[in-house]
Amino acid sequence: MITLLQITGSASLMKLVIVSGVSLIAGGILSYLLWNLSLSRKSKNIINEAISEAEVIKKDKILQAKEKFFQLKTEHEKYINERNNKLTSAEYKFNQRESILSQKIEENERAKKEVDLIRENMTSQMALIENKSEELDKSHKQQVEQLEAISGLSADEAKQHLIESLKEEAKTEAMSYVNEIMDEAKMSSTREAKKVVIETIQRTATETAIENAVTVFNIESDEIKGRIIGREGRNIRALESATGVEIIVDDTPEAIILSAFDPVRREIARLSLHQLVTDGRIHPARIEEIVTKTRKHIEEEVAEVGKRTTIDLGIHGLHLELIRLIGKMKYRSSYGQNLLQHSREVANLSAIMASELGLNPKLAKRAGLLHDIGKVPDDEPEIPHAVFGMKLAERYKEKPEICNAIGAHHDEVEMTSLISPIIQVCDAISGARPGARREVVESYIKRLKELENLALSYPGVLKTYAIQAGRELRVIVGSDKVSDKDADSLSYEIAKRIQDEMTYPGQVKITVIRETRAVSFAK
């Protein structure tokens, strides 16, 4: 019983499973068919929409193409019209030029005919002129022959004789004219010039300082020399290396010589030695330390001296570099004359002389202080100091009048202002006064010999004597070879040549002496 029920339950379960499977398959097939039907409908809708959109895009593109075609057509027609207009104008211009050219050709042909006529006329006239010239030459030769027969001289000899006589007469008249002009100028200008210069010099008083190429450092005893030299000379080598100064320790009692061309270096070496000897500690490290401090102190002192100088002279607004260069003038010299004292003196002289002449004294004083600024820079240019000083003044924005006065005080550049000759004159006054400058004996003797030899090179000069330290040259000439008029011209020529060829302080007076001596003996 139980088994039968179980079999019956299993059969019904199998039927149920088969029916469920068949139903599931039928439902899947039905769903697939329905999905295919809906998909085909959607595809047809999409295709229809795509076809309609394609038609719309096609119509838009056709419209755009038509618009572009019309636009290109319009532009092309416009271009064609412009080109036609240009061709028309060019054709018109060409026709005008053609007509002008034809007119010019006609004018040239007419001018050519006229030139041919003129040339024919000139040819006939030239023939007439040649005939007349031949006739004149014949008559001139006949006259010359007649004159030569009458005078007994040839034409060349008469011409040379006339030229010589006219030359002598012109030379004599020229010298007398020059002497008259010079005498008149001296009478009218010498008095006022002397008055201005003398008053200027009297109102300025400065000290004279002579600088040398060496400095003598005094010591208390010769024992210090050994300490300065050091073991195997290490101290003196360190000192020379740090200062750039040659230190000469010889048998001179209680003295050491410091030799250098630069006064600033010598001053640094002197102050460093003084501090080292006073302190007592002398070794290479201490030497470098003292020299560095001394160099810094000197630089500060240079700036202070420059500021004090400008304040004393009442000069304001100078560039700091120019003030430093003015301070360095204290340690420079020119022919033994201290450069700072010389510049101060020139500044004061220039201000006084400018006031006397009605010019700007402040401008003159500024130019006088800066006139030798080109001598003191650290670098040494290969141009004259006056030109270099002018460039420095231009670099630091000084006025054109001051720059020109600096550059022109030795005639390196042309003077363009009234201040320039004042600076030149005051520089000469300061340098040429007695005791201001010192010359080396050899150069002094050489300059005097050159003066005497220059005058001896002229014919008729017997003896020459340079006196008053080369400020006067006396020339003795032979009375039989040089006349009184020739003596005037000889003095002028010697002075001109000295001025052009030689360098000298102040001025040189040339005196030509001519005397006639009659000597006889009583026996």
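The values are calculated or read from the model by the stated rules, or taken from the named source; none is laboratory data. On a predicted model such as this, the values are computed, not experimentally measured, just so you know. A quick note on method: Cβ atoms are made from the backbone with ideal geometry, for glycine too, and the neighbour counts reach across all protein chains shown. The accessibility values were calculated without ligands, DNA or RNA, using every heavy atom of the protein model including side chains. Shrake-Rupley method; radii C 1.70, N 1.55, O 1.52, S 1.80 Å.
Miscellaneous remarks
- Residue match in the stretch 257-265 (condition: open to solvent by 70 Å² or more (accessible area, probe 1.4 Å) and either of a type in the set (Ser, Thr, Tyr) or on the phi > 0 side of the Ramachandran plot (or both)): no
- Residue check for ALA466: modelled with pLDDT of 85 or more, open to solvent by less than 50 Å² (accessible area, probe 1.4 Å) and farther than 30 Å from GLY368 by Cα: no
- Here the stretch 466-492 is the region considered, the condition is being touching a helix residue (DSSP H, G or I) at 6+ places or on another chain (Cβ under 7 Å) and assigned to a strand (DSSP E or B), and the residue that is nearest to LEU448 (Cα to Cα) is ALA466.
- In the stretch 415-437, residue nearest to GLN499 (Cα to Cα) [restricted to those that are at pLDDT 85 or above and in a loop (DSSP other than H, G, I, E, B)]: MET415
- If you filter the stretch 266-315 down to residues that are buried (at least 16 other Cβ atoms within 10 Å of the Cβ) and among the hydroxyl-bearing types (Ser, Thr, Tyr), you find that the one that is nearest to ILE229 (Cα to Cα) is SER272.
- Qualifying residue in the stretch 398-414 (condition: touching a Pro at 6+ places or on another chain (Cβ under 7 Å), at pLDDT 85 or above and either part of a helix (DSSP H, G or I) or not basic (Lys, Arg) (or both)): no
- Verdict on LYS78 being among the charged types (D, E, K, R), over 60 Å from the mean Cα position of the chain (by Cα) and at pLDDT 80 or above: yes
- Selection from the stretch 138-148 of residues that are modelled with pLDDT of 70 or more and open to solvent by 70 Å² or more (accessible area, probe 1.4 Å): LYS138, HIS140, LYS141, GLN142, GLN143, GLU145, GLN146
- If you go through the stretch 469-523 and keep only what is of a type in the set (S, T, N, Q) and open to solvent by 80 Å² or more (accessible area, probe 1.4 Å), you end up with GLN499, THR503, GLN507, THR516, SER520.
- Listed conditions (1) within 13 Å of PHE217 (Cβ to Cβ); (2) modelled with pLDDT of 85 or more; (3) polar (S, T, N, Q) are all met by THR309, apart from (1).
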